[in-house]
Every structure is written in structure tokens, then in C-alpha cells.
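All remarks here apply to the structure that follows.
Only the coordinates and a few stated rules stand behind these numbers; no lab work does. What you are looking at is a predicted structure, and each value in this text was computed from that prediction instead of being measured. Here the Cβ positions follow ideal geometry from the backbone for every residue, glycine too, while neighbour counts run over all protein chains shown.
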Amino acid sequence: MAFLRSVTTPETGPVVYGDGVVLRPPQMTDYPAWAELRALSREFLTPWEPAWTSNELTRASFRRRLRHYAKELREDLGYAFFLLRSEDESLLGGLTLSNVRRGVTQACTLGYWVGAPYARQGCMSAAVKATVPFVFDTLRLHRLEAACLPHNTASVRLLERCGFQREGLARRYLRINGVWQDHLLFALLDDDPRL
């Protein structure tokens, strides 16, 4: 069973513990492992992600990414995590809670990626399940949204396994791999059953 511990200082950001996984904010010292895993997984990830820039894996690009994450954290607009295996802290992938909306909406958007060597091993399911209490109990949001390509059966199954309900289809919703593509929309509400 997953459990949660949050540390909310701006320097470190929240840390979420799940079943065999830890989610913590990325740090500059993660750059070598991140660049290696992303490069190794490029062919695997390309069909599901926005087009990669020519400098996608550079240290400077990673540093800009971290600055963006820190700004979003400070402003309560987003929370970026690296997914690590608990036993040895190996980098497995990443998870983001972006587009945090307060006021009458109280929602955010879930995004995730897993390195090719770790796909279909349950680590992302453990990460998403551990993130749910953080979203609803710590951030006090009402709605967690996610979208995926209709033909990404692994992602559809992951969201359904984690209790998300399919809500519809958004036409040409996101530009993935350079093409505007339809996406299935999913959501989990704070009072939905937690799996």
C-alpha cells in the first residue's frame, strides 16, 4: 500500500513515496542519468511526446527546465517529479502535475513518461497511485485530469487501472511528434473511489 510524506519547502519541494517508488523534484545532479535515460528511450518516447528540439538533451536545456519547474512550484502552478526506484534510487521516468487551477476549478493535469527499459513493469502505476493522495489531500484539489492518444493502449490501461474515468475525446488537442492529434480525456475526482 502506498503512503505519502510531503516536504513543502521551496528548496526541496514535495516528496511522495509509493509502493516501491519515490517521486521527488528533479535536481541538477540528475542531469547525467536523465540525459542517458531520455537518449536511450528516444525512439520509444517519440510517438507519445511533443517533437524534441535539437538541443533537448543538453545541460543548458535541462537547467532551463529546472528553472521553469522551480517557478511553477513557487507559484503553485505545477509540480514536477522524477520517478525513482525506492531500493536504489535509479531514475525510471518522470511525472508532472501541471496547469494547477485554483478558485472554482481546483484541478490540475497529470503528465508522465517512463524510460523504455522500465515500461510495462508497474512503476508508473505505483507512481500515479501514490500521487493521487498528494493531489487530493495535500494540494486539496478536486479534479485530476489526464489525456492520452487513443492508440496508446498502455496509457489508457494505466489510467483506467488507477481509477480514472474516460470523459470524452478532444479533437486535435495536443501537438504530438509535430502533428496535432486527438486525445482521450480522463479524470479522477476527489470523491471517486481510490484504487
request  = Starting with the fewest neighbours, write out 137, 88, 30 ranked by other beta-carbon atoms found within 10 Å of each beta-carbon.
outcome  = 88, 137, 30
remark   = Quick calc: nm separation of the 7 Å Cα→Cβ label points for residue 44 and residue 57 -> 1.4 nm
Cα centroid separation, the stretch 163-180 to the stretch 19-59 (Å) = 22 Å
note = Zone reached by a paramagnetic label modelled 7 Å from residue 182 Cα along Cα→Cβ, restricted to the stretch 131-156 with backbone N below 15 Å, covers 148-153
request  = Just subtract the alpha-carbon distance of residue 157 and residue 116 from 0.36 nm times their residue separation and send over the number in nm, one decimal.
outcome  = 13.0 nm
message = Only Cα pairs within less than 10 Å get springs; with that Gaussian network setup on the chain, which residue of 55, 99, 152 has the largest fluctuation?
response = 55
message = Sort 159-167, 177-185, 14-22 by the packing proxy (mean of other Cβ within 10 Å over each peptide's residues), most packed first.
response = 14-22, 159-167, 177-185
task = Go ahead and set up a Gaussian network model of the chain, Cα springs under 10 Å, then flag whichever of 125, 41, 61 fluctuates most.
result = 61
key: the chain: relative contact order as a whole-number percent, Cα under 8 Å and 6+ apart   = 20 percent
request  = Within the stretch 89-116, find all residues whose amide N lies under 17 Å from a label point positioned 7 Å from the Cα of residue 140 along Cα-to-beta-carbon.
outcome  = 100-108
